[in-house]
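The values are calculated or read from the model by the stated rules, or taken from the named source; none is laboratory data. Since the model is a prediction, treat every value here as computed from it, not as a measurement. When we count neighbours, we look across all protein chains shown, and the Cβ atoms used for this are built from the backbone with ideal geometry, even at glycine. These accessible areas exclude ligands, DNA and RNA; they are computed on the full protein's heavy atoms, side chains included. Shrake-Rupley method; radii C 1.70, N 1.55, O 1.52, S 1.80 Å.
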Amino acid sequence: MKIARFATAEVADPRYGILDDDELVVLTGDPMFHGYDTTGERVPLADARILAPVIPRSKVICVGMNYAAHAKEMGHDGLKNPLIFLKPNTAVVGPGDPIVIPPVDGRIVHEGELAIVIGSVAKRVKRDDWQSVVFGYTIANDVSARDVMFADGQWARAKGYDTFCPLGPFIETDIDPTNLEIETFVDGELRRKGNTADLVFGFPELIEFISDVWTLLPGDVILTGTPDGLGGFLDGQTVDIQIEGLGTLSNPAKNRDDRVDA
């Protein structure tokens with residue numbers, strides 16, 4: 001089942017709906033808190049503006065270098081534990097929203113990832129129980145100012161700028177996430193390709209480890225890592241991330257009004 005968060009010209013406030021072919025079956029509220037009761041209304045998908053499927057009330061948790069080939073290209077090898085860090089929820093944008101490139105030196109890169117959406121309060125979850133706290137899955141782009149990462153010596157600024165966490169288009173509640181192809185394109189050119197079967201730390205390990213550090217809350221999102229590949233993009237280009245069964249997350253890039261490219 002695919003869940004959308006959307007708005008229309010007639011109703012600007014975000015609503016939720018279940019995707020049914022080319023229509024959205026409107027729900028009475030956020031399904032993570034109010035279940036799947038419907039209003040009886042149907043909205044044509046063509047009339048809806050699809051928003052980020054969730055705005056985390058608490059946090060976006062990212063996992064660094066969780067594919068062996070990507071870790072190698074970043075100069076790391078043999079991590080003993082997941083490398084985790086946070087993005088602010090103000091970084092989240094939805095499908096079609098621009099990735100705004102700030103006035104910083106160096107490369108701005110995409111990192112297409114499978115994202116886990118947490119559905120319940122979770123603390124110290126045992127790996128065998130990991131699925132009990134998952135609401136569903138969506139697509140994420142862990143946008144990064146790569147050279148800022150190295151210059152700062154930590155990643156908060158480089159990965160935390162406004163618009164640096166596109167999510168969407170839907171939350172899929174019923175899919176096996178353990179063997180999904182992930183492809184990232186810039187203006188139609190394939191830049192990254194991988195499969196979730198190649199994760200260094202799988203879903204049980206991630207949720208067990210992360211929930212031992214932070215209490216997870218409904219709507220929290222875990223970005224599980226990106227495959228290796230060429231990641232740069234520029235003003236005017238479009239980044240498309242495709243994950244089988246989840247669709248395509250597409251975002252154009254534009255320079256911030258105070259950025260001037262040479």
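Here are some notes:
- Given charges at beta-carbon only (K, R positive; D, E negative), |dipole| of the range 131-193 in Debye: 260 debye
- Rh by Kirkwood over Cα pairs, then Stokes-Einstein D for the chain at 1.306 mPa s and 10 °C, µm²/s: 85 µm²/s
- Space enclosed by the convex hull of the alpha-carbon atoms of the range 99-246, per residue, Å³: 113 Å³
- The stretch between ASP261 and THR238, if pulled fully straight at 0.36 nm per residue, gains 6.5 nm over its current Cα-Cα span.
- Accessible area (Å², per residue) of the chain, counting only protein heavy atoms and a probe of 1.4 Å: 44 Å²
- Per-residue SASA entry for SER120, accessible area with 1.4 Å probe, Å² rounded to 10: 40 Å²
- Cα principal axis extents for the range 20-155, largest first, Å: 54, 41, 25
- The chain, helix-only ellipticity at 222 nm - DSSP H runs n ≥ 4, -39,500 (n - 2.57), divided by all residues, nearest 500: -3000 deg cm²/dmol
- Protein accessible area in the range 2-50, 1.4 Å probe - carbon and sulfur %: 47 percent
- The range 60-255 - percent of accessible surface contributed by carbon and sulfur, probe 1.4 Å: 49 percent
- Set of aspartates and glutamates near LYS159 by C-alpha distance (under 13 Å), chain-local residues within fewer than 8 positions excluded: GLU111, ASP142, ASP147
- Lysine pair count for the range 1-158 [Cα-Cα under 28 Å; pairs on different chains or 8 or more apart]: 15
- With 0.36 nm allotted per residue and the present C-alpha distance subtracted, the LEU79-LEU45 stretch has 7.9 nm of extension available.
- Accessible area of ASP176 (1.4 Å probe, protein heavy atoms only, ligands and nucleic acids ignored): about 100 Å².
- With the whole protein complex present, ARG259 retains an accessible surface near 40 Å², based on a 1.4 Å probe.
- Simple spin-label estimate for VAL213 and ILE175 gives 2.5 nm between the two label positions (7 Å along the Cα-to-Cβ direction from each Cα).
- Size of electric dipole in the chain: Cβ of Lys, Arg +1 and of Asp, Glu -1, about Cα centre, debye, nearest 20: 860 debye
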